[in-house]
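Only the coordinates and a few stated rules stand behind these numbers; no lab work does. These figures come from a predicted structure and were not determined experimentally. Neighbour counts are summed over all protein chains in view; Cβ atoms, including those assigned to glycine, are modelled from backbone coordinates with ideal geometry.
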Amino acid sequence: MALSSRFDPRTSRKVIGVAASAALHLALLIIIMFGGRQYGIDSGDAPTSKLVLIEAPDAEQRDGDDLPPLPAGSTAPSEVELEDALARVSPPSNDAIADQAVEPGPIDALEAPAAAPLAITDTEIQVATVPMSSSEKAELSRRLEQLAAQALKSSSAEVTWEQDGRQYSALLIRERANEGTALERVTAQVSASDHGRQLTTLVNLNRLSFSQFTQMIDHWDPTVQLHDDEIVGRFHTNSRFNLLADSRKAPKFLGKVTTTARSFNNESIGRRNESEIFRGGIETGTSQIELPESSQPFQWAPRDEEARVHELATDTRIRFFADGSYRWTDLDTMQSQYLNEPADHPVYFIGKGKAALHVQGVVAGKVLIYSPRLIVIEGNLTYATDPRDDTDSDDYLGIVSDRVVEIPGPSVTGGGDLEIDAAIYAGRRFVVTDIDRGRTSTLRIYGSLAAGTISATEPRYATKIDYDTRFERQRPPGFPSTNRYEVANFSGQWTQQPERAADN
């Protein structure tokens, strides 16, 4: 009431009338200037850009730069969710600053003519989307994947790149996993200018875990050949690999195959088309996937305060049971401990020093087994709830060694097939011993296998590796990640940002 008494109503009406008239004239001017143009980037345009990579130290020092950590099992967000998240880290717009600087009083709500705000709204340029060409989308995806990987190890905060004669601007925000099973990701807001108008798009990239490769090998042992093997899912090697096909048997790759090498060794007997072997295609000369110097689980995510952690200083045998219980035995003293308390949170068995861990059984829950030296798989390792039968299965197992993961001879594992449900990482070598026994069985891995190198498995075992598709959403707790990012969500469209006549 006190605010409204300070103004002459006649003066207010004149001011509002002048404002409405000015808004209408500006609307006509915008229609004349922009009405006949397309919302795209003309071939002669030369927008400038700067790519800003927000590193972990910088993000921690600047309020609002990091988005919240990912919850376990989260998937790629929609564009609306990304826009809402990015709005929280973007500087305020001119409109927002103006709204904060001037608080409308009662007179604005009571005496402003209804036509005035309608006239201003009509002068807004409508939001439009402009599809990218397939080549532009592919090249932009490739660039962002490379730049996201460089951000892991580069101290440079600014990068500029040019694509098809144009420069692009992007803001990359790294979202760290908040616990061991989540995947790390990067959100990229990319923009380009078109005669002062801004075109933007949002791209979500995931950092690939080693568990997202059905099989990944750093250095292929030249004495090992893939023969009677079947690999379902993506396969990668950082070196040349060897194939052997004959009239009876040939290896089968049912997913995409990539190799850093320019070729592979194919010692086929008789005629075999590559398409018969590489069912999902093959790409040579790709970028290298680096193996970390150490795969200690808590390097890959903050330590979950509610996780159950067993630190083992001596060689230990661990046996899992389907009800979620487990027993571990010190192999020096032969003293055993048994725990019958199924855990809702991850369970970690951490070998210390030179401790070797020997494992088998039925796993219920989320479990990681880590040793810096050696893990020995003494028998079947399966899930209590098979995710192939029940897609809601919450059982995950990771087997991680900085050096060797070993399958001992038949005197330990028994005869017949060997079943392993797990993501396996062997920094140096995955080895099957006593391979010269008569082959009557199959080594079946449901999950993934990453290793510095692998031994031969034949004639003792034919090998079948089938990918656990749940690893696309989350990984076993504390499982190591690669240095590679992959686009997970990208519409392939530019969005024309709204422009108000009042801003002109």
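Here are the numbers for the structure shown:
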item	result
Model label zone, GLN493; criterion: amide N under 12 Å from point 7 Å along Cα-to-beta-carbon; scope segment 127-144	127-132
Extension gain, ARG240 back to HIS310 (0.36 nm per residue minus Cα-Cα distance, nm)	21.2 nm
Inter-site label distance for ALA138 and ASN340 at 7 Å from Cα along Cβ, in nm	6.0 nm
Normalised alpha carbon radius of gyration of segment 241-386 [divisor 2.2 N^0.38 Å]	1.44
Cα centroid separation - segment 212-242 against segment 431-499, whole Å	11 Å
Reference-scaled alpha-carbon Rg (2.2 N^0.38 Å with N residues) for segment 251-312	1.87
Karplus (6.51, -1.76, 1.60) ³J(HN,Hα), θ = phi - 60°, over segment 397-414, in Hz, Gly and Pro reported as x	9, x, 10, 10, 9, 5, 10, 10, 10, 10, 10, x, x, x, 5, 9, 7, x
Filtered GluC sites (Glu not before Pro), segment 257-334: DSSP coil and at most 12 other beta carbons within 10 Å	GLU267, GLU293, GLU305, GLU306
Hydrodynamic radius (Kirkwood) for segment 232-284, which is based on Cα pairs only, to one decimal in Å	11.3 Å
Chain lengthening between ILE435 and THR284 when straightened (0.36 nm per residue, less Cα-Cα)	51.3 nm
Theoretical FRET efficiency, 1/(1+(r/R0)^6), r = Cβ-Cβ of THR385 and LYS249, R0 41 Å, to 0.05	0.75
Values of log10 I(q)/I(0), in the order q = 0.11, 0.13, 0.16, 0.21 Å⁻¹, for segment 345-468 under a Debye, Cα-only, solvent-free model	-0.35, -0.49, -0.75, -1.26
Computed lengthening from GLN299 to PHE321, 0.36 nm per intervening residue step minus Cα-Cα distance	5.1 nm
Amide H partners (placed H, <5 Å) of HIS358, local residues excluded	THR316, ARG317, ILE318, VAL376
Segment 335-351 - phi-based ³J(HN,Hα) in whole Hz, Karplus 6.51/-1.76/1.60, Gly and Pro as x	7, 10, 10, 10, 10, 10, 9, x, 9, 7, 10, x, 10, 10, 10, 10, x
Dimensionless Rg over Rh [segment 164-273; C-alpha; Kirkwood]	1.18
